[in-house]
1. Does ASP445 satisfy the criteria of being surrounded by fewer than 16 Cβ atoms within 10 Å (Cβ to Cβ), closer than 21 Å to ALA572 by Cα, of a type outside the set (Ser, Thr, Tyr) and touching a residue at least 24 places away in the same chain (Cβ under 8 Å)?
2. Going by the conditions given, is ALA46 among the small types (Gly, Ala, Ser), in contact with a Phe, Trp or Tyr (Cβ under 6 Å, 6 or more places away or on another chain), part of a helix (DSSP H, G or I) and at pLDDT 75 or above?
3. Tell me, which helices (runs of 4 or more DSSP H) wholly within the range 544-640 include 2 or more residues that are more than 30 Å from the chain's Cα centre (by Cα)?
4. Has the range 313-323 got any residue that is crowded, with 17+ Cβ neighbours inside 10 Å, among the aliphatic types (A, V, I, L, M) and assigned to a loop (DSSP other than H, G, I, E, B)?
5. With ALA98, ALA152 as the choices, which residue is surrounded by fewer than 21 Cβ atoms within 10 Å (Cβ to Cβ) and closer than 21 Å to GLN604 by Cβ?
6. Quick one: is LEU644 of a type outside the set (Val, Ile, Thr) and more than 17 Å from LEU598 (Cβ to Cβ)?
7. If you scan the range 509-543, which residues turn out to be basic (Lys, Arg) and under 21 Å from the mean Cα position of the chain (by Cα)?
8. Being hydroxyl-bearing (Ser, Thr, Tyr) and at pLDDT below 95 is the filter; apply it to the range 249-265 and report the residue that is farthest from ASP279 (Cα to Cα).
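The values are calculated or read from the model by the stated rules, or taken from the named source; none is laboratory data. Fair warning: this is a prediction, and the values are worked out from it, not measured in the lab. When we count neighbours, we look across all protein chains shown, and the Cβ atoms used for this are built from the backbone with ideal geometry, even at glycine.
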Amino acid sequence: MELEKARQRAEELRKVIEYNNRLYYDQDAPELEDFQYDALTRELKALEAQYPELIVPTSPTQHVGGTASSKFSKVTHAVKMESLQDAFSFDELREFDARVRDAGIEPEYVVEAKIDGLSVSLEYQNGTLVRGSTRGDGVVGEDVTENIRAIAHIPKQLLDAPEFLEVRGEVYMPREAFLKLKEEQELQDKTPFKNPRNAAAGSLRQKDARITASRGLSIFVFNMQQVRGRIFKTHSETLDYLKSLKFTVSPRYNVYHNIEDAIEEVKAIGEARGTLPFDIDGAVIKVNDLASRSLLGSTNKFPRWAIAFKYPPEVKETVVRDIEVTVGRTGVLTPTAVFDPIFLAGTSVARASLHNGDIIASLDVRIGDTVQVRKAGDIIPEVIGVVRHGENTVPYTMPCACPSCGAPVVHLQDESALRCVNPECPAQVLRNLIHFASRDAMAIDGLGEAVAAQLIDKGFVHTVADIYDLTMEQLLTLDKFKEKSATNLRTAIERSKGNNLDKLVFGLGIRNIGDKAAALLAERFGSMDAIRQATQEEIAEIDGFGGVMAQSVAEFFAKEGTADLIERLTKAGVNMTWHGEPKGTALEGKTIVVTGTLSRLSRQEAEALIKQNGGKASGSVSKKTSYVLAGEAAGSKLTKAQSLGVPVITEEEFFAMLGQ
């Protein structure tokens, strides 16, 4: 390629890569799959290697991809949190070994699985966790201490700890937790996270630490960044020590004395990918000796003492035998490809969602086609392309009528999906019933999908209100139901009447309203009647609500049939009021940030007191902050408060404000 064409292509690649860096690192919503992104990055690196004059400091090959979000306070890392050089062939690993040896080092290597999550730093002073931060651009990250504290597997206090310790780890979401979250998001008609890595990043970067706590996040610690009071010679020693402090360290780390043995371990980790309960996107080879690491140093972006081998995505071919269309809780029609079973990333796969008609049209998937299938993020099966059309196949078109009830389907404004708007559609009734009875809603034990389907098929239930009219005689007609199982279900239904108002609001299945939003609604208005009478503007004033959420609530209660549904539930004895503690007014209108370690309260207890007394507990300091409640080892939030002139109060002053 000529220099000028190479220059133009390099500029095109930089724009695409930087755009996707922002989506991946800052918004947790990537458009490209990892292998597509890697291919673009490798092409840019090759051009810059061929024409060094094209290298500029702002090139994505010269810096880490992320930035620190304005949602959180910024943290400057004392030890740069570097990225890793990627390798895609075993020969590249051998070339890495040659470079290490050229520096006069006879290396031994540690090989670890490369966890696919969000890189964080954890800092401890005298054994107490004082700060957690994201990598950001490697130099400046985000202070996410409150959310880090909400992750159960991260130790908050270390026994026999050094004076100061900083470790680096990867926060991730186990596959089981990801599938549960994805199911909940789909039930709430929200766009689900694409894969566990983005789910982990999005969950860690929540403004509300309670959301982070509910997401089932975990961590693997893989490096010691700084330590005072102890000396180590090798990386494997540091991991052993961190394990003794009760950190969950890299799940598999072994020492090898030559590159070929290290490569065999890389292969073994790759073969085990499908059996792991979490995602990995590669394996990392690290020089074990810490003095040798110092000698090798780093480039602007990568350490020269480590390299990451990236596994290729597993793609297999199969034949589409059918395209089934199902109807969700909110009436959305979802097409699913049914194909000959294939073994992919550790499991047998025979189905993959095609999402909507636009996706089918763009891929031109037809019944009888041979297609390529992979698992997005090694977990969600997806059709990525057509290899060849089958003989005499015809383009697939989405149905014009609902496959469940036969009613016409429509495109609502700004939606790609088709939707059935018949409120009595059996498929929607089924999904609504399952959601209403689910654990986070009315928690009716024994009312699962199979029982719900029977109740609808027999004509016993048309809306969720009918649940409370079910008789023992009706239940005893259900398949496999005896006296005991029918009695247990009736007891569970009766018990659900006493649930707090937020459970009922969530159970109603209002679009865009999850369990946390339902709790905010119930707490703010106090009763179902007050929620029904609230205007969209009044609902939008709730801290944590947006315009779309407020509109969804207003539209639901204005919808024909909602008033009758609420009236029937009321007559059945279902609780319609919020049973929370009454709020005081001592802190009304005040925004307070809690930081550091308090002597009498945990941070969660302090924030609960703030809310119970009419105040707002915030996770970040700004000019709008009324007070910062500071304990021991307060850190960056205290510094920021002082720089902005925000009043800083002690725990005793806080209790005095509450009149205690």
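1. Details: surrounded by fewer than 16 Cβ atoms within 10 Å (Cβ to Cβ): yes; closer than 21 Å to ALA572 by Cα: yes; of a type outside the set (Ser, Thr, Tyr): yes; touching a residue at least 24 places away in the same chain (Cβ under 8 Å): yes.
The answer is yes for ASP445.
2. Numbers: among the small types (Gly, Ala, Ser): yes; in contact with a Phe, Trp or Tyr (Cβ under 6 Å, 6 or more places away or on another chain): no; part of a helix (DSSP H, G or I): yes; at pLDDT 75 or above: yes.
Answer is no for this residue.
3. Details: elements: 547-558, 562-571, 603-612.
Once the helices (runs of 4 or more DSSP H) in the range 544-640 are filtered for at least 2 residues that are more than 30 Å from the chain's Cα centre (by Cα), what remains is 547-558, 562-571.
4. Checked against the condition, which is being crowded, with 17+ Cβ neighbours inside 10 Å, among the aliphatic types (A, V, I, L, M) and assigned to a loop (DSSP other than H, G, I, E, B), the range 313-323 yields no hits at all.
5. Numbers: ALA98 fails: closer than 21 Å to GLN604 by Cβ.
Exactly one of ALA98, ALA152 is surrounded by fewer than 21 Cβ atoms within 10 Å (Cβ to Cβ) and closer than 21 Å to GLN604 by Cβ, namely ALA152.
6. Numbers: of a type outside the set (Val, Ile, Thr): yes; more than 17 Å from LEU598 (Cβ to Cβ): yes.
Here the answer is yes, as LEU644 does meet what is asked.
7. Taking the range 509-543 and keeping what is basic (Lys, Arg), we get 511, 516, 524, 532.
Those that are basic (Lys, Arg) and under 21 Å from the mean Cα position of the chain (by Cα): ARG511, LYS516.
8. Initially, the range 249-265 is screened for residues hydroxyl-bearing (Ser, Thr, Tyr), giving 250, 253, 256.
Now drop any that are not at pLDDT below 95, which leaves 250, 253.
Details: SER250: 13, TYR253: 16 Å.
Going through the qualifying residues, I end up with TYR253.
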